[in-house]
Amino acid sequence: MVLSNDNVTGGTMPNKERMMIDQRRNYLLIQRSRYEMASRKGRSQLLTEMQEITGLHRKSLTRLMKVELVRQPRRRQRGRTYTAEVDATIRIIAESLDYPCAERLRPNLVWMAQHLARHGEMVVTTELLEQLERISVCTVRRILQRLGQDEPRLPRRGPERANQVARLIPMRRIAWDEQEPGHFELDSVHHGGPMPSGEYVHTLQFIDVATAWSERVAVLGRSQLVVEGGFQVVLARLPFPLLEAHSDNGSEFLNAHLLRFWGVKVTGVALSRSRPFHKNDNRFVEQKNATLVRRYLGDIRLDTVAQTQLLNQLYDKMGLFYNLFQPVMRLTEKEFILEDGKLPRVRRRFDEPKTPFERACDAKAIPSERQEELARLRDQINPRRLREEIYAMLDQLFRMPCAAPGTVEDVMLTLMTPAALPQP
């Protein structure tokens, strides 16, 4: 029962419910200051009011107004209200529900006891059900603490257990002015449409911070098999070594299988991850997710083998178009400007636009033979025709139907071995 301001400051309250001890003590503490300052007649009126509200005898209230309102320790402990049968029942019910907290367990004691009795797990009586009906949450909590757990509960993925592999990967942020090619940011873009359920296509994208060299590959689902296959495709295409793979904390990148892939099948690559809930730690690849993936594909759903294969052919052409022909500007300087009465602003300066291929050549990251091959390939390609082919393949992709409900696609058909990849 909660007392209103009117009850405390002079109103009366019908004594239909008994006040709890703490409520009564707080009420009397408030009233005692009024009692001490009141006249003889005022004290009599206050005693009458307090008698109506608390239900205490007038003489008891007079004594309480003269002593410290401190609860005295109990001289003799109360006897047990609930029998050992209640303890045993709560033990069985808690174990059956995998030890939920008392707040979740208390409202479900009665029906669960009846349910388990129908299955022969216990015997219930009318008296037992009445006790389970009136038992409080605090009492259930004390019983659970006293009984403990006979059986270990199911494993929980708490903060200390969630993705323990990620704890092995250091957190860092690749500097915006990184000069050495080979430090790549990784991310995945889903193509599940407005209702992302079941298996659907994901785009794995790699962006080099120093040169803006970009690679994309489409995979059906996010299993270890297809993600590892996508990594092999990207590694076979890169014209310079991969020195660092920097991803977010997604389980498609940080798991025991791919950790073994980077340590056994591919060596010499440093792994790092961004800080949780800090999207700007992967700012380069996040920007390219919008301009090189979403701008082309939008939010449509792709979930078939045929769509995955055609999308990979499209990404082959996009790689040539953007890495060999699209000039990009790189940030060279950031200046913070402070002016009186104005918010601070940042002035950014960029270098001369160059293609990722030219930046990689300037940094001497690509071997000379490979440079000559890519230069000859660039001379043979008509960028205007290449762009038309890209948009024609996009139209073809948009016309392709999605998977029929209930059908299962074979992801093995989407895998591409490095030996079978088209060499530029």
(message) Please report the projected area of the range 229-273's Cα convex hull averaged over all directions, in nm².
(response) 3.1 nm²
(request) Multiply the residue gap between residue 87 and residue 369 by 0.36 nm, knock off their C-alpha separation, and tell me the result in nm, one decimal place. (result) 93.6 nm
(message) Once ligands and nucleic acids are excluded and a 1.4 Å probe is used, how much of residue 301 is accessible, expressed in Å² to the nearest 10?
(response) 60 Å²
(request) Mind giving me the nanometre distance, one decimal, between the label points for residue 127 and residue 325, set 7 Å out from Cα along Cα→Cβ? (result) 9.0 nm
(message) Give me the net charge for the shell around residue 179: Cβ to Cβ below 13 angstrom, other residues only, Lys and Arg +1, Asp and Glu -1.
(response) -3
(message) Could you work out how much longer the chain between residue 296 and residue 195 gets when fully extended? Use 0.36 nm per residue separation minus the Cα distance between them, nm to one decimal.
(response) 34.4 nm
(message) Taking a ≥ b ≥ c as the square roots of the Cα gyration tensor eigenvalues, with a/c under 1.5 meaning rounded and otherwise prolate when a/b beats b/c, else oblate, which class fits the range 223-352?
(response) prolate
(request) Under 12 Å from the Cβ of residue 375, count the other residues' Cβ atoms, weight Lys and Arg +1, Asp and Glu -1, and hand me the total. (result) -2
(request) Answer with one residue from 392, 350, 361: the one whose Cα lies farthest towards the positive end of the charge dipole of the range 302-394, charges on Cβ with Lys, Arg +1 and Asp, Glu -1. (result) 350
(message) Leaving ligands and nucleic acids out of the surface, order 37, 19 by accessible area at 1.4 Å, largest first.
(response) 37, 19
(message) With viscosity set to 1.002 mPa s at 20 °C, what whole-number translational diffusion coefficient in µm²/s follows for the chain from Stokes-Einstein and a Kirkwood radius over Cα pairs?
(response) 74 µm²/s
(request) Order 247, 33, most accessible first, counting only protein heavy atoms with a 1.4 angstrom probe. (result) 33, 247
(message) Helix-only mean residue ellipticity at 222 nm, the chain, DSSP H runs n ≥ 4 weighted -39,500 (n - 2.57), per residue, nearest 500. What is it?
(response) -12500 deg cm²/dmol
(message) For a Förster distance of 60 Å, can you work out the FRET efficiency between the beta-carbons of residue 224 and residue 43, rounded to the nearest 0.05?
(response) 0.15
(request) Using just the alpha carbons, could you tell me how many Å³ per residue the convex hull of the range 276-318 encloses? (result) 102 Å³
(message) How charged is the neighbourhood of residue 354? Take every other residue with its Cβ under 12 Å from the Cβ of residue 354, and add Lys/Arg as +1 and Asp/Glu as -1.
(response) -2
(message) Once you place label points 7 Å from the Cα toward the Cβ at residue 101 and residue 69, how far apart are they in nm?
(response) 3.2 nm
(request) Give me the percent of the accessible area of the chain that comes from carbon and sulfur atoms, probe 1.4 Å, all protein chains in place. (result) 52 percent
(message) Given the whole protein assembly as supplied and a 1.4 Å probe, what does the accessible area of residue 350 come to in Å², nearest 10?
(response) 110 Å²
(message) Given the options 296, 308, 126, identify the residue whose Cα lies farthest towards the positive end of the charge dipole of the chain (+1 on Cβ of Lys, Arg; -1 on Cβ of Asp, Glu).
(response) 126
(request) For helix 368-380, report the angle its Cα long axis makes with the longest principal axis of the Cα atoms of the chain; keep it between 0 and 90° and round to the nearest 10°. (result) 80 degrees
(request) Have a look at 213, 64, 191 and report the one farthest towards the positive end of the charge dipole of the chain, computed about the Cα centre with Cβ charges (Lys/Arg +1, Asp/Glu -1). (result) 64
(message) Compute the helix-to-body angle for 84-96: its Cα long axis versus the longest principal axis of the chain, expressed 0 to 90° and rounded to tens.
(response) 10 degrees
(request) Take the alpha carbon gyration tensor of the range 333-424, find the square roots of its eigenvalues, order them as a ≥ b ≥ c, and report rounded if a/c is under 1.5; if not, report prolate when a/b exceeds b/c, else oblate. (result) oblate
(request) Specify the residue with the greatest mean-square fluctuation among 79, 230, 319, computed from a Gaussian network of the chain linking alpha-carbon atoms under 10 Å apart. (result) 79
(message) Compute the helix-to-body angle for 137-147: its Cα long axis versus the longest principal axis of the chain, expressed 0 to 90° and rounded to tens.
(response) 70 degrees
(request) Would you tell me the accessible area of residue 124, worked out with a 1.4 angstrom probe on the heavy atoms of the protein chains, in Å² to the nearest 10? (result) 40 Å²
(request) For the range 110-127 and the range 364-397, compute the distance between their C-alpha centroids and round to whole Å. (result) 73 Å
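The values are calculated or read from the model by the stated rules, or taken from the named source; none is laboratory data. Computed from a predicted model, the values in this text were never measured in an experiment. Every residue, glycine as well, gets a Cβ built from its backbone with ideal geometry; the counts of neighbours run over all protein chains shown. In case anyone asks, the SASA skips ligands and DNA or RNA and just uses the protein heavy atoms, side chains included. Shrake-Rupley method; radii C 1.70, N 1.55, O 1.52, S 1.80 Å.
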